[in-house]
Every structure is written in C-alpha cells, then in structure tokens.
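Here is the structure we will look at.
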Amino acid sequence: MKKGLFLLICTAAFLCACTSSHERLLTSATGSIYECLVVSPNSTEIKEAVCATMGADMYGLPQMEATFTVTHVPTASFDDFLKSTRNILLADINEHKYTQVKVLKSRNVWSQPQAMIRIQAPSDEAFLAYWQTNGESIREWFVQEELARQLSFYRANTNKEARAILNKQGYDMLIPEDFMLIKNEEITISDDQKVNVLWCCNNKGPMRKDVLVYSYPYTAQEQFSNESIVAMRNEVLGRIVTAQVPGSHMGTEYKHFPPVSRSVAALRDSVGGFYAMETRGLWKMLDGEAMGGPFVSLTRLDPVNARVVTAEAFLFAAGQKKRNALRQLEAILYSFETPDERQR
C-alpha cells in the first residue's frame, strides 16, 4: 500500500510539474524580428491582399523597406516545422464551419515568443471584405507584439546614470546600458522657454543610435499637433545636435517624407494606458553637412508637473537597412513613464 501511495504521489507531482512548466517546454520561435508567415488557401486574391498590407513600405525610412518581411505558404503546406514561426497570420476559410468572420489572437501557441492571428471566414469574399477594412489594424497588432518583446529584453541591462537623472525629474525610461550619456542640461529656446534635455548615444559598430528626452511647460492642447511637435523638435535638436562644419545643425526633412503624427496607446506590457502622439519622419543636417536618417518620437503629457515630454530616437546608418534598428529604438520610447505612472 505504501509503495502504491508513493507512486501515486510521484505521478501527481510529475503532472503538476508538466502543467506549471508548459511555457518552458515550448520551443524557441524561428524567424527574425519583423518577419511574418502568411498561411492561406490557394486564393491569389487573398494572398496578394494580405501580403500587400503586411509587406507595405514602412513610412519614414530613407530607403523603402517593408513593414514586415512576408513569407506565404498554402494551408496544405503549413506543417509542424512552420508552426514555430514567431509571427503567423492564418486565413481559415470554411463555408461549412463558419457563418461569419471571427478573429482569434493568440500568443505562444507552438513556440515562444510567438504571436498568431487566425481569421475565420465562411468565404473568400467575406475574408477580403474584412481585410480591406481591418488589415492595417491587424498589421499594427503584430508591430505592437514585436515592440513589447524588445521592451522586455531591455529590462535586464540599463544605463543606471541616465535613469537616475530621469528619476530626479520624476520620470523613468529603459535606456540600454550600452548607450553613453552625452548631455544633461537645461537649455533656453525662443520665448525664453526652459527645456530639460537628456541625450544618450550608442556610436558603436556600423550605425549610430541616439535617444533623447526633453520636456517643457504645458500651456495648451495645441502643443500636441504635428506642427507644434515638429517645431519644438527643430528648436531643441537644432540647438544641441551639430556637426563638424561650423553652423551645421539638425533639422527635419519636409520635401520627400514630411513628418506625420498620430495618436498611439501603451504597449500591452506597459504600465497604465497612456495616450501619446507618435511622430515619424526624416532628420537631416542643415547648412553644411550631408547627413540624415529616420527618427521617431512619442510626445506625452506629464499631468503631475504640467509639462509636455518628448522621447525621441534617431538613427544614422548610411547605406544600411534601418527598419529593425529603428524599431528597436522605438521600443525604448515606449518604456517611458511619467510620475503618476511610476506611483501606481
């Protein structure tokens, strides 16, 4: 009886261990960041529509790069080997099983980290009608998943000096450890506005990556318009970012890719549910230097101190692909926390 009881306890413990360690038993996801596997029936229309949206050019890059690098396979070829892909979009068309379109979002189903969306539809026509309206929001969900993964990676090693400076102002941001502190000062711009500036840079390797946080008094909602955000950007970065040619300073490109702004929300793993204006475009050096590249910023309200805060990242990587590097910088910006969020 004792032997039987011992075996029963061991079996129960084994089952519990398997259940609790389910996530650890998942295989590592395959594929690189911002790659997506599209699985659909042998429908040319569905394949072209989905791949065109997921692989659309990412705005604000000096050379055209797709938002996602897309690979397509027909449903019949979606085997166990492909199920470990990090991002999967499944078009599940079946007139016998479904009467209306339904969207199922999942994480870590066959591997980790993994994001998957299954769109169930009774017909090709129903799927295409849904995709025409919602395709871009589906793509955005995958982007947010990639940003959240990158953000969790930054938590392990950060620049303690830069974070301590931000903490004194009531803020926090996960600036990576390999970013060097360049500037921490208050500058005066037009109309005698006082702007606090923190600037960090990673100039190692073939590309230069910069991250800044600058804040100034909040006076009106109009400060969150595209025009006001870019005007302040030109004021602040035009004063502090210079080059070897005397008088050369940073500005914003308007002709080919004028800067655009849109409202965005917090990532799924971020504190609270902040509201921010994302601004994306190209920077360039004016009056002497022939340099430029992409930038992205998040502008937010600090209600505790009545200040507008912009966290910006810009990149210089002549002749190189820039999508992945800029997205990695973008994830840093989403880690920014205002005083009220830090107190939660």
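The values are calculated or read from the model by the stated rules, or taken from the named source; none is laboratory data. Being a predicted model, the structure only gives us computed values, none of them experimental. Positions of Cβ are backbone-derived with ideal geometry, glycine not excepted, and every protein chain shown enters the neighbour counts. To get the accessible areas, we keep the full protein, side chains included, count just its heavy atoms, and leave off ligands, DNA and RNA. Shrake-Rupley method; radii C 1.70, N 1.55, O 1.52, S 1.80 Å.
Can you find, within the stretch 264-279, the residue that is surrounded by the fewest Cβ atoms within 10 Å (Cβ to Cβ) among those that are at pLDDT 95 or above and of a type outside the set (A, V, I, L, M, F, W, C)? Please lay out each step first, then the result.
In the first step, residues of the stretch 264-279 are kept if they are at pLDDT 95 or above; the result is 277-279.
Then keep just the ones that are of a type outside the set (A, V, I, L, M, F, W, C); that gives 278-279.
Working: Glu278: 17, Thr279: 23.
Result: Glu278.
From the residues in the stretch 108-122 that are open to solvent by 40 Å² or more (accessible area, probe 1.4 Å) and not in a strand (DSSP E or B), which one is nearest to Cys36 (Cα to Cα)?
Quick first cut of the stretch 108-122, residues open to solvent by 40 Å² or more (accessible area, probe 1.4 Å) only: 108-110, 112-113, 118.
In the following step, the residues that additionally are not in a strand (DSSP E or B) were identified as 108-110, 113.
On the way: Asn108: 15, Val109: 15, Trp110: 15, Pro113: 13 Å.
Step by step, filter the stretch 108-122, then rank; the result is Pro113.
Just to be sure I understand, how many residues within the stretch 25-83 are open to solvent by 80 Å² or more (accessible area, probe 1.4 Å), under 22 Å from Trp110 (Cβ atoms) and assigned to a loop (DSSP other than H, G, I, E, B)?
Residues flagged as open to solvent by 80 Å² or more (accessible area, probe 1.4 Å), under 22 Å from Trp110 (Cβ atoms) and assigned to a loop (DSSP other than H, G, I, E, B) within the stretch 25-83 amount to 2.
Does at least one position in the stretch 237-257 carry a residue that is of a type outside the set (A, V, I, L, M) and closer than 16 Å to Leu301 by Cα?
The initial filter retains those residues of the stretch 237-257 that are of a type outside the set (A, V, I, L, M), namely 238-239, 242, 244, 246-249, 251-257.
With the extra rule that they be closer than 16 Å to Leu301 by Cα, the set shrinks to none.
Within the stretch 237-257 (the criterion being of a type outside the set (A, V, I, L, M) and closer than 16 Å to Leu301 by Cα), the answer is no, since none of the residues qualifies.
Test each condition in (1) of a type in the set (Gly, Ala, Ser); (2) within 21 Å of Met207 (Cα to Cα); (3) at pLDDT below 95 for Ala311 and report the one that comes out false.
The one condition Ala311 does not meet is (3).
To keep it simple, each residue is scored yes or no on (1) acidic (Asp, Glu); (2) over 24 Å from Val50 (Cα atoms).
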{"residue": "Asp79", "(1), (2)": "yes, no"}
{"residue": "Ile88", "(1), (2)": "no, no"}
{"residue": "Ile138", "(1), (2)": "no, no"}
{"residue": "Phe153", "(1), (2)": "no, yes"}
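Scan the stretch 175-185 residue by residue and report those that are open to solvent by less than 70 Å² (accessible area, probe 1.4 Å) and either touching a Leu at 6+ places or on another chain (Cβ under 7 Å) or assigned to a strand (DSSP E or B) (or both).
Correct list: Pro176, Leu181, Lys183.
Return the residues of the stretch 142-171 that are of a type in the set (Phe, Trp, Tyr) and open to solvent by 10 Å² or more (accessible area, probe 1.4 Å); say none if nothing qualifies.
Just the residues of the stretch 142-171 that are of a type in the set (Phe, Trp, Tyr), to begin with: 142, 153-154, 171.
Phe153, Tyr154 - these are the residues of the stretch 142-171 that are of a type in the set (Phe, Trp, Tyr) and open to solvent by 10 Å² or more (accessible area, probe 1.4 Å).
Restricting to the stretch 181-231, what's the tally of residues that are within 23 Å of the chain's Cα centre (by Cα), closer than 20 Å to Thr252 by Cα and touching a residue at least 60 places away in the same chain (Cβ under 8 Å)?
Total meeting the criteria: 11.
Can Gly319 be described as open to solvent by 50 Å² or more (accessible area, probe 1.4 Å) and farther than 26 Å from Leu151 by Cβ?
When the stated conditions are applied, Gly319 passes them.
Scan the stretch 285-298 and report the pairs whose first residue is over 12 Å from Phe257 (Cβ atoms) and among the charged types (D, E, K, R) and whose second residue is open to solvent by less than 20 Å² (accessible area, probe 1.4 Å) and assigned to a loop (DSSP other than H, G, I, E, B), with Cβ atoms within less than 9 Å and a gap of 6+ or a chain change.
Asp287/Ser248; Glu289/Ser248
Within the stretch 84-107, count every residue that is assigned to a loop (DSSP other than H, G, I, E, B) and surrounded by 13 or more Cβ atoms within 10 Å (Cβ to Cβ).
Step one: of the stretch 84-107, the residues assigned to a loop (DSSP other than H, G, I, E, B) are 86, 94-101.
So of that shortlist, the ones also surrounded by 13 or more Cβ atoms within 10 Å (Cβ to Cβ) come out as 86, 98, 101.
Count: 3.
Residue-by-condition table, conditions (1) of a type in the set (Gly, Ala, Ser); (2) open to solvent by 20 Å² or more (accessible area, probe 1.4 Å):
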| site | (1), (2) |
| --- | --- |
| Ile229 | no, no |
| Val245 | no, yes |
| Gly251 | yes, no |
| Lys255 | no, yes |
| Ser297 | yes, no |
| Arg300 | no, no |
| Val308 | no, no |
| Tyr334 | no, no |
| Gln343 | no, yes |
